[in-house]
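The values are calculated or read from the model by the stated rules, or taken from the named source; none is laboratory data. Not measured: the values here are computed from a predicted model. Neighbour counts are summed over all protein chains in view; Cβ atoms, including those assigned to glycine, are modelled from backbone coordinates with ideal geometry. Just the protein is used for accessible areas: all its heavy atoms, side chains included, with ligands, DNA and RNA removed. Shrake-Rupley method; radii C 1.70, N 1.55, O 1.52, S 1.80 Å.
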Amino acid sequence: MKINRRRSPRVVGGLVVDITNHNGESFSAKTLNVSYNGFGMQCSTIDRNLITPQGDFVEAGRPAEFDVSLMLPEGEFGRGGMIVAKCRVLYSRRLANDRCEIGMRYITIEDDGEEKLAHYIQDAISV
């Protein structure tokens, strides 16, 4: 797994993330990177339209918010487990006719999710 260094370190790799919109529609995607502040992911244009129709991620003058579940792996980088959070869309880009990239920022992380995330990132950086 590679590390992408920016203001906040990013762990590059494909973790499974489940996204649910306010209508209860959900889909799974793979992360491009994960940081302390949020994550980037790639998805199909069809899935992108479930959360950011035509790339528009502002609702009633505010960035759209979603429930997410991010599965951290056991073993190599950390202790594993599920992180449940509320996220806000930072950007939505179309990469190709059928592929898009979406950036999400954590608003709140439930229970011990912040600790799990910190361990995962620290362990990945240490390697």
Tell me the label-point distance for the pair Met82, Ser26, using the 7 Å Cα-to-Cβ offset, in nm and rounded to one decimal.
-> 0.7 nm
When Rg/Rh (Cα atoms, Kirkwood Rh) is calculated directly from the model, which label among (i) 1.09; (ii) 0.96; (iii) 0.93 fits?
-> (ii)
Add +1 for every Lys or Arg and -1 for every Asp or Glu among the other residues with Cβ under 14 Å from the Cβ of Ala85, and state the total.
-> -4
In the neighbourhood of Thr20 defined by beta carbon distances under 13 Å, the net charge of the other residues (Lys, Arg +1; Asp, Glu -1) is -4
With a 1.4 Å probe and every protein chain kept in, tell me what percent of the accessible surface of the chain is carbon plus sulfur.
-> 47 percent
According to a simple spin-label model (label point 7 Å from Cα along Cα-to-Cβ), what is the distance in nm between Asp98 and Glu59?
-> 2.8 nm
Per residue, what accessible area does segment 58-127 have, given a 1.4 Å probe and all protein chains present, in Å²?
-> 58 Å²
